[in-house]
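Just below is one structure, and these are the notes that go with it.
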Amino acid sequence: MSEHSGAHGDVSVDELTLAEELLGSGTTATPPVAEYAMRLGDDALILSQQLGGWISRAPELEEDLALGNIALDLIGHARALLRYAGTASDRSEDDLAFWRDEPEFRSCWLVEQPNGHFGDTIARQFLFSAYQVELYQALATSTDPSLGAIAGKAEREVAYHLDHAAQWMLRLAGGTEESRGRITVSLGDLYPYVDELFEDDELTDRLAGVAPRPSSLRAGFDRTVASVLAEADLETPAVKPARGDGRRGGHTASMGYLLAEMQWLARRHPGATW
Amino acid sequence: MVTTTAELAEDEDGRARFDALIAADQRIEPRDWMPDKYRRTLVRQISQHAHSEIIGMQPEANWITRAPSLKRKAILMAKVQDEAGHGLYLYAAAQTLGISREEMTAQLIEGRARYSSIFNYHTPTWADMGAIGWLVDGAAICNQVPLCRASYGPYGRAMVRICKEESFHQRQGFEILYELSHGTPEQKQMAQDAVDRWYWPSLMMFGPSDDASPNSAQSMAWNIKRFSNDELRQRFVGMCVPQFEALGLECPDKDLRYDEETGTWITGEIDWDEFAAVLDGRGPANAARLRHRREAHDDGAWVREAAAEYARKQHDSERVAV
Ligand SMILES: [Fe+2]
Ligand SMILES: [Fe+2]
């Protein structure tokens with residue numbers, strides 16, 4: 001938290017213009033790579049959208065800043081990934097974010113779970129960041145230079161996200177009786193959406209070398225989660241996995257509301273620039 | 001309280017040093033002796049300023065989830081997050097004067113503290129993001145740049161950091177309006193409407209005319225305030241005029257004119273009754289702003305308690321370990 005505010009607290013507009021190597025400049029993604037980049041980009045976009053809803057509502061000012069930083073990192077990843085994905089179909093990051101309908105979104109179910117209370121948001125972030133740390137570490141060595149560059153930059157940032165969420169897992173589990181009760185329930189509510197993150201399918205089979213097989217990331221994720229939960233003296237929830245369908249465009253009930261809010265203004269003004 | 005002669009003598013030394021520092025236009029630091037009224041004035045001003053940054057997050061945070069492009073969403077998030085940072089620096093500066101953050105938070109939530117009235121207006125359209133950045137952050141810059149030289153060290157230094165970011169805030173607001181005013185007819189109308197909504201309230205941000213501003217003279221003598229309300233308002237209007245032209249938007253002040261002789265801008269009549277009403281809590285969004293802040297605070301109480309309890313347990317177990 002506070003030790004990070006120096007590194008992450010001074011966001012300037014210049015840092016928000018995407019670095020050249022992240023633009024996929026000149027390179028056009030092949031259709032399978034584009035589909036893969038869209039999955040990752042949509043995950044980052046949807047989670048960023050959710051975290052953006054916390055700003056001005058967090059339990060303390062420091063968390064308005066921290067959740068805002070994470071949301072900013074994620075939207076940065078989303079923009080780079082969607083831009084690259086769009087090169088295959090000549091669509092911009094905004095075409096993809098604002099003009100696709102729900103079944104065209106490829107995000108996993110975990111990120112579309114509602115913000116809920118702070119513990120729900122932290123549990124969601126903890127699980128997702130633990131996955132992303134493994135993902136970007138592996139993707140950084142991709143044979144696709146654009147994906148490799150994006151992952152290389154994101155790797156450091158998601159490590160901070162994981163650290164932030166893990167610290168809060170410890171505080172909430174080891175704080176008061178109330179906070180321990182709440183975070184236990186949050187973790188159980190969100191754990192069913194973990195399995196979807198590690199499912200291989202035809203696309204990831206085809207992308208050997210370009211992208212890590214999701215199933216290969218599971219062991220590292222399990223180790224990270226187990227060590228934090230052990231320190232927090234929490235059990236890994238014994239819950240049944242949900243049959244997540246996000247990678248094929250199936251979504252849960254909350255996704256419609258989320259997209260309605262996110263896309264409403266852009267769609268009211270077709271062709272406008274902002 | 002009984003004051004001993006020793007304490008009186010110390011006070012006199014302190015006062016002489018304080019007066020000399022002010023006369024030499026030097027900084028007063030937290031450990032220095034200072035008159036009670038100087039301390040109280042600063043606590044009031046800095047905490048009000050901090051509250052303004054925090055309440056000021058709301059009208060813009062309101063549009064983060066609906067921003068019309070990813071670039072705008074990212075910039076708006078960074079901007080609102082900056083405001084949270086400003087609030088933090090300022091609370092920290094006020095704390096050096098002996099007031100706790102809890103006390104200031106309580107004052108705000110219980111409606112006992114003031115914050116800038118400008119944030120008691122609503123933001124019904126995306127163009128309000130542009131108008132706030134351009135006009136409200138713009139007016140804030142005019143007010144705040146001189147505060148970088150405020151006599152109280154921690155306040156002046158906080159303002160240096162803040163002012164750097166405010167100019168980015170103003171620029172992004174101007175860019176939003178520029179895109180809109182050079183976009184579709186609907187977008188241009190949206191921009192004009194927003195500017196119409198925010199222009200007069202932003203002029204009011206400088207406070208009443210100098211003759212009607214009770215605390216100004218003392219604050220100027222103490223080098224907390226450097227220019228009068230009217231001087232600052234002048235400067236702001238002068239900045240806006242050419243920018244209205246660049247935007248291709250109309251200035252809502254139809255009576256605005258430049259006086260060649262004095263080299264100043266003469267504004268039309270400012271509606272000080274409206275200002276007084278909003279200041280008194282009767283603005284369009286006063287109730288909503290306080291409610292939002294209170295709810296965030298109350299909803300987060302269990303989290304802060306957990307963090308405090310966790311820190312206490314960690315501390316205890318460290319002591320046992322040693
Ligand atoms: Fe600010
Ligand atoms: Fe600002």
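The values are calculated or read from the model by the stated rules, or taken from the named source; none is laboratory data. As the structure is a computational prediction, the values presented were derived from the model and not from experiment. Every residue, glycine among them, receives a Cβ derived from its backbone with ideal geometry; neighbour counts consider all protein chains shown. Heavy atoms of the whole protein, side chains included, go into the accessibility calculation; ligands, DNA and RNA do not. Shrake-Rupley method; radii C 1.70, N 1.55, O 1.52, S 1.80 Å.
Tabulated results
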| quantity | calculated |
| --- | --- |
| Label point at B:ARG149 placed 7 Å out along Cα→Cβ; residues across region B:9-26 whose backbone nitrogen lies under 12 Å | B:25-26 |
| Solvent accessible area, Å² - B:LYS313, 1.4 Å probe, full protein context | 90 |
| Top positive-direction residue, dipole computed over region B:35-271 with Cβ charges, set B:SER47, B:GLY111, B:ILE141 | B:SER47 |
| Within chain B, helix-based [θ] at 222 nm, where runs of 4 or more DSSP H residues each add -39,500 (n - 2.57), nearest 500 | -21000 deg cm²/dmol |
| At least 20 Å² accessible surface lost relative to isolated chain, residues of region B:268-303 (1.4 Å probe) | B:HIS292, B:ARG293, B:ALA296, B:TRP302, B:VAL303 |
| Protein heavy-atom accessible area occluded, B/A pair - total, 1.4 Å probe, Å² | 4500 |
| Cβ-Cβ FRET estimate between A:ASP163 and B:ARG114, R0 fixed at 41 Å, reported to 0.05 | 0.60 |
| Normalised alpha carbon radius of gyration of region B:1-62 [divisor 2.2 N^0.38 Å] | 1.63 |
| FRET E, pair B:ASP211, B:ARG282, Förster distance 25 Å, beta-carbon r, rounded to 0.05 | 0.55 |
| Isotropic mean projected area of the C-alpha convex hull, chain B (nm²) | 21.9 |
| Calculated over chain A: convex hull of Cα atoms, volume per residue (Å³) | 129 |
| Relative contact order computed over region A:174-274 (Cα-Cα under 8 Å; 6+ residues apart), in percent | 30 |
| Whole-number percent relative contact order across region A:27-265, with pairs defined as alpha carbons under 8 Å at least 6 apart | 24 |
| Minimum 30 Å² accessible area buried by the other protein chains, region A:92-107 residues, probe 1.4 Å, relative to alone | A:ASP94, A:PHE98 |
| Chain A: angle of helix A:177-190 to the longest principal axis, Cα-based, in degrees nearest 10 | 40 |
| Helix B:5-23 axis, angle to chain B major axis (alpha carbon atoms, nearest 10°) | 30 |
| Per-residue [θ]222 nm for chain A (sum of -39500 (n - 2.57) over DSSP H runs n ≥ 4, rounded to 500) | -20000 deg cm²/dmol |
| Carbon and sulfur %, accessible surface of region B:35-271 computed with the full protein complex present, 1.4 Å | 51 |
| Simple spin-label estimate for B:VAL160 and A:SER254 in nanometres, 7 Å along Cα-Cβ | 4.4 |
| For B:ILE28, distant residues with modelled amide H under 5 Å away | B:TYR152, B:GLY153 |
| Efficiency of FRET from Cβ geometry, B:ALA308 and A:ASP245, R₀ 51 Å, rounded to 0.05 | 0.75 |
| Pairs from A:LYS240/B:LYS313; A:LYS153/B:LYS71; B:LYS73/B:LYS188; B:LYS71/B:LYS164; B:LYS37/B:LYS164 whose Cα-Cα separation, in the structure shown, is over 23 Å | A:LYS240/B:LYS313; B:LYS37/B:LYS164 |
| Sulfur and carbon atoms: percent of accessible area, chain A [1.4 Å] | 51 |
| The protein assembly as shown - accessible surface per residue (Å², probe 1.4 Å) | 43 |
| Pairwise Cα inverse-distance average, inverted: Kirkwood Rh of region B:64-223 (Å) | 17.3 |
| Whether region B:192-322 is rounded, prolate or oblate, judged on the alpha carbon gyration tensor where a/c under 1.5 counts as rounded | prolate |
| Rule-of-thumb Rg ratio for the protein assembly as shown [Cα; 2.2 N^0.38 Å; N residues] | 1.06 |
| Label-point gap, in nm, between A:ASP205 and B:VAL320 - each point 7 angstrom along Cα→Cβ | 5.4 |
| Helix A:218-232 axis, angle to chain A major axis (alpha carbon atoms, nearest 10°) | 30 |
| For region A:251-274, residues shielded by at least 40 square angstrom of accessible area compared with the chain on its own, probe 1.4 Å | A:GLU261, A:TRP264, A:LEU265, A:HIS269, A:THR273, A:TRP274 |
| Shielding score for B:305-315, defined as the mean number of other chain Cβ atoms within 10 Å | 6 |
| Percent RCO, i.e. relative contact order, over region B:35-271, from Cα pairs under 8 Å lying at least 6 residues apart | 18 |
